[in-house]
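What follows is a single structure, written as structure tokens, with notes after it.
Every read-out reported here was derived from the displayed coordinates using simple, explicitly stated rules and does not represent laboratory data. All of these numbers come straight from a predicted model, not from anything done at the bench. Virtual Cβ from ideal backbone geometry, glycine too; neighbours counted across all protein chains shown.
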Amino acid sequence: HRFADGDLGARVGALRVGRSREMVALGREFDQMAARIERLIQDHRRLIGDVAHELRSPLARLGVAVELGRVETETGEREASHARILRELDRMERLIGQALDLSRLESGAHGAVERGDLAVIAGARVADARFEASQRAIEIRFEAAPEPLPIRAELDLIASAVENVLRNALRFAPEGSMIDVRLQRSGGSGEARALLVIRDRGPGVPEPDLARIFEPFYRSADARQQTGGGGGLGLAIARSAIARAGGSISAGNRDGGGLDVRIELPLARN
């Protein structure tokens, strides 16, 4: 009754009476359920608050651009205001789309699980990223194992995860630099896995912040986080999507500067 009335911290805990095996198991299962529901509700509340906060800046800039567009008489000035409006609208649309994707992932809603080749998925995302990279003279080098690397997963989510990591690398890669993307088989004598490594040559991330960059809207004091123009959800979406496929994602600073992001996924059995 306490939980139903909104006390999300209510738990059965240790039973004082009715200590039969069935009652103890029921209490334990209730507490696990309550903890998950509490975490999901808190995550959604935090996500809504963070999205609302992130939308304030583009909305404010959008309002300024609209006002300037109303009073400007020069064609060039009006075109600049129009371009600013389009950029801010695109930013808001992307942020809202990412928020919906993350909400779907964290709520546990599932799509169709299919079999696909990770090399094909990663190759397609690299091809898309190269177009954006060319605008800043950034080269993306892609090396893939010659054999297929089949996975069973929600392939659209895996593609989105790879794209988000690539976009994050592009955001912080210096102009004229290189991003290395390497895909290979790993796992040795154990479970066969695919390893995808994406390396940029940006400023890297302070060691204490490496684990937290996958949290929604996390902001490091490092210049890498301060100068980014992203919504702060891309890596969080990648982590949730990869974990749902039974894989893992981690980040580390590379020797000589830059960030290594490693994605591991179990390979599908024949």
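For the reader, a short list of remarks on this structure follows.
- Taking every DSSP helix (H) stretch of at least 4 residues in the chain, weighting each as -39,500 (n - 2.57) and dividing the sum by the residue count yields a mean residue ellipticity at 222 nm of -17500 deg cm²/dmol.
- Excluding exposed DSSP-loop trypsin sites (Lys or Arg not before Pro) (at most 11 other C-beta within 10 Å), longest clean stretch of the chain: 20-268
- Average Cα contact separation per residue, the stretch 21-107, under 8 Å, 6 or more apart, as relative contact order %: 33
- Stokes-Einstein translational diffusion, the stretch 21-107 - Kirkwood Rh over all Cα pairs, 1.306 mPa s, 10 °C, in µm²/s: 98
- ³J(HN,Hα) computed for each position of the stretch 123-132 - Karplus, 6.51 cos²θ - 1.76 cosθ + 1.60, integer Hz, glycine/proline x: x, 5, 5, 5, 4, 5, 5, 4, 4, 5
- In percent, rounded to a whole number, the relative contact order of the stretch 114-266 is 24, using alpha-carbon pairs under 8 Å and six or more apart.
- Order of Asp255, Asp90 under a 10 Å beta carbon neighbour criterion, fewest first: Asp255, Asp90
- Charge dipole (the chain, unit charges on Cβ, about Cα centre) - positive-most of Gly246, Ala173, Leu105: Gly246
- A convex hull fitted around the alpha carbon atoms of the stretch 1-157 yields 203 Å³ per residue.
- The value for the stretch 114-266 of Rg(Cα) / (2.2 N^0.38 Å) is 0.99.
- Of all segments of the chain bounded by GluC sites (Glu not before Pro) found in a DSSP loop with no more than 16 other C-beta atoms within 10 Å, the longest spans 75-174.
- Expressed as a fraction of 2.2 N^0.38 Å, the value expected for a compact globular protein of N residues, the C-alpha radius of gyration of the chain is 1.22.
- Arranged from fewest to most other beta-carbon atoms within 10 Å of their beta carbon, Met92, Met178 become Met178, Met92.
- Sequence-separation-based contact order of the chain, relative, with Cα cut under 8 Å and 6+ spacing, percent: 16
- Gyration tensor verdict on the stretch 97-165 (Cα atoms; rounded if a/c is under 1.5, prolate if a/b is larger than b/c, oblate otherwise): oblate
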